[in-house]
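One structure is given below, encoded as structure tokens.
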Amino acid sequence: MAYDTPLNSHQVPIWIQLWGLPLEYQTPRVATRIAQIAGKVISVDSADVNMRTQVLINPSKPFLPGCFIRRDDHDGALTWIEFRYETSCGIIESSDIDQMMMNEQVDLIHVRRNHNTEEELFNEACINNREESPPERVTPQLFQYYVTQMGNDSISEFTNKTSFKIYCKSDPNLLLTIKDGKVILAPADPSDDYQHWYKDERFRSRVRDSVGFPSFALVNKVTGQAIKHSIGACHPVRLIPYRKSDYPDVSILWGESTDLGDNYRAIRMINNIRLNLDAFRDDKSRVCNGAIIGLWEWNHGDNQQWKIVPYCKFLIKNYKVHETHRLIPRSRMLASSRSRIVPAC
């Protein structure tokens, strides 16, 4: 779908992929409306996995990382749509342009879904009267607040459910956690809620991988963010605010393999079982504290074999963690004056 649009000498056509756009909204009209906040839309392509639009953009100005859309079929829930800019050097992700959004605005576009016609998909007044009602300016601090608040609201349903720890065979004393917006491994500490994950299996019977294993999402207890697929092999996984929905977001769904021995399993993309969760090794081929988590093709490595184990609430409450990361009873800790103790759980 293309539009006849005169080119401006200060603008260049750039393709923008719309990541996170729900399936029921993947139409040329919806994609056009969303991409309009980035620039003049001249073409729409819906042939790929993700909708993408070709937009006239002034490359000397900051790129928008994305926008929120409000959906009336989910009690007005906000959904984050990530913009990925295609260039001759590859795809520019939002993580690469976070520093450029300091003074840029992100529209809260009100989307209305209608089963009969696309003409009423949008609240035209909200779109056409942008100059009369200036959209909210979003600073990085406010953007992070949106992400955190959305996550907190979404994971409230998990409050009374069991959380899990996740580690690989290379070093069971290093647990999956979040630091500085990245998924990494860190020394085990049951009192650190960043190392606690919820396993959301709401779509296990509806979405399965190519060999029939059920799907699940991994949601962090603190940030409310779900682990999202990377852009491909050798790239780190990403984080996205988790939103409860009746429609599965395949980009945050994972599957496990059969038992590889001692209950370790591969964790794979639900829609591409060739790519596995992988703890990246350092230059000495070791998996160390701070190891980044990404995707890699299967190579039978210990850094690709994982366990997702439920935390025992009793142990977390009544044990302290020794510096070797072994769980030791409080009574033994108090009896040993030579033991170095990490703060209580």
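Every number here is computed from the coordinates shown, using simple stated rules; none is lab data. Remember, predicted model here, so these are calculated numbers, not experimental data. When we count neighbours, we look across all protein chains shown, and the Cβ atoms used for this are built from the backbone with ideal geometry, even at glycine.
Some values worked out for this structure:
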item	result
Taking HIS10, HIS235, HIS300 and counting other C-beta atoms within 10 Å, the order from fewest to most	HIS300, HIS10, HIS235
Order of ILE308, ILE293 - criterion: other Cβ atoms within 10 Å of each residue's Cβ, fewest first	ILE308, ILE293
12 Å beta-carbon shell around ASP209, net charge (K/R +1, D/E -1)	+3
Alpha-carbon centroid distance for the pair the stretch 248-265 / the stretch 18-51, whole angstrom	31
Geometric extent, Cα atoms of the stretch 161-310 - Rg, Dmax (angstrom)	14.0, 45
log10 of Debye I(q)/I(0), alpha-carbon scatterers only, for the stretch 186-274 at 0.12, 0.17, 0.20 Å⁻¹	-0.39, -0.78, -1.05
Estimated inter-spin distance, TYR311 and GLU297, nm [label 7 Å along Cα→Cβ]	3.8
Long pairs among LYS179/LYS221; LYS61/LYS179; LYS61/LYS182; LYS40/LYS244; LYS169/LYS244, criterion Cα-Cα beyond 25 Å	LYS61/LYS179; LYS61/LYS182; LYS40/LYS244; LYS169/LYS244
Total formal charge among the other residues, if their Cβ is under 10 angstrom from that of VAL183, Lys/Arg +1 and Asp/Glu -1	+4
Net +/- balance of residues flanking HIS300 in space, Cβ distance below 15 Å, scoring K and R +1, D and E -1	0
